[in-house]
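The values are calculated or read from the model by the stated rules, or taken from the named source; none is laboratory data. Because the structure is predicted, anything quoted here is derived from the model rather than measured. FYI the Cβ positions are ideal-geometry reconstructions off the backbone, even for glycines, and counts take in every protein chain you see. Calculation scope for accessible area: heavy atoms of the full protein, side chains included, ligands and nucleic acids excluded. Shrake-Rupley method; radii C 1.70, N 1.55, O 1.52, S 1.80 Å.
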Amino acid sequence: MVDHSFFLRMLFYSFFKSLVGKDVIVELKNDLSICGTLHSVDQFLNIKLTDISVSDSDKYPHMLSVKNCFIRGSVVRYCHIPAEEVDPALLMDATRKEAQQNKQSAGA
Amino acid sequence: MANLEDNVGKITLVATGDGRIIVGTLKGFDQTINLVLEDAHERIFSHTQGVEQVPLGLYLIRGDNVACDSEQNLYNPLFTDTLRC
């Protein structure tokens, strides 16, 4: 049995690694939106942000005393990333290639 | 790699999946982000009164419930009796 999510996750891991140093907004499943500079990412898509601010700080002042944070990959709902940093064609190509490989290794 | 090694031994603020805020000294963690916090306090925010701190002692938080983990690098005077939210 091939674990497709594993391959896809490795692909997006590489993708996120290419975004290190860029400003992103991470929306969590608990509706908290955190804006910060992407510091690092790991294989589970856990994310570390530096110099953070919470988008709706009137509603969520809990994090005002915090500058850097670690976000568990499983609680992320969305990542807003700068459009100019992404090449959709390249990403589509990579995903297709990945799917092709998965199909082949599943058939073998 | 995004790991928490740098935060060990430091005062850390953890936001849990259900929106609670727990502050304590990070003593350890593992690959599923289970956390051990020493001298943990829960910060309870409310509309009507200031921030309430509830002492919890030594706490182990299961990784599933951890949303966000961050080093508290300054004493922030905002957390006083006057903050409402």
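Worth a mention:
- Listed by first and then second residue, the pairs with beta-carbon distance under 8 Å, at least 6 apart or on different chains, first residue in region B:53-68 and within 21 Å of A:VAL66 (Cα to Cα), second part of a helix (DSSP H, G or I) and open to solvent by less than 30 Å² (accessible area, probe 1.4 Å), are B:VAL66/A:VAL75; B:ALA67/A:VAL75; B:CYS68/A:MET63; B:CYS68/A:VAL75.
- Exclusive hit being out of contact with any helix residue (DSSP H, G or I) (no Cβ under 6 Å at 6 or more places or on another chain), more than 10 Å from every other protein chain (Cβ to nearest Cβ) and modelled with pLDDT of 90 or more, set B:ILE44, B:ILE22: B:ILE22
- Meets criteria (within 14 Å of chain B (Cβ to nearest Cβ), open to solvent by 30 Å² or more (accessible area, probe 1.4 Å) and acidic (Asp, Glu)) for A:GLU85: no
- Checked against (1) without any contact (Cβ under 8 Å) to a residue 40 or more places away in the chain; (2) within 13 Å of chain B (Cβ to nearest Cβ); (3) part of a loop (DSSP other than H, G, I, E, B), A:SER40 passes all but condition (3).
- Boolean, B:ILE11 is closer than 19 Å to A:GLY73 by Cα and touching a strand residue (DSSP E or B) at 6+ places or on another chain (Cβ under 9 Å): no
- Some residue of region A:35-50 being open to solvent by less than 80 Å² (accessible area, probe 1.4 Å), out of contact with any Lys or Arg (no Cβ under 8 Å at 6 or more places or on another chain) and more than 19 Å from B:LEU4 (Cβ to Cβ): yes
- The residues of region A:64-73 that are at the interface with another protein chain (Cβ under 7 Å from one of its Cβ atoms) and either under 20 Å from B:GLY63 (Cα atoms) or open to solvent by less than 40 Å² (accessible area, probe 1.4 Å) (or both), listed by number, are A:SER65, A:VAL66, A:ASN68, A:CYS69, A:PHE70, A:ILE71, A:ARG72.
- Scanning region B:9-54 for residues that are more than 12 Å from the chain's Cα centre (by Cα), open to solvent by 80 Å² or more (accessible area, probe 1.4 Å) and not polar (S, T, N, Q) turns up B:ASP18, B:LYS27, B:HIS47, B:GLU52.
- Residue in region A:3-25 that is open to solvent by less than 80 Å² (accessible area, probe 1.4 Å), among the β-branched types (Val, Ile, Thr) and either in contact with a helix residue (DSSP H, G or I) (Cβ under 6 Å, 6 or more places away or on another chain) or closer than 20 Å to B:ASP64 by Cα (or both) present: no
- Residue match in region A:60-72 (condition: in contact with a strand residue (DSSP E or B) (Cβ under 6 Å, 6 or more places away or on another chain) and in contact (Cβ under 8 Å) with a residue 40 or more places away in the chain): yes
- Selection count where residues are assigned to a helix (DSSP H, G or I) and within 18 Å of A:ASP23 (Cα to Cα), scope region A:64-96: 4
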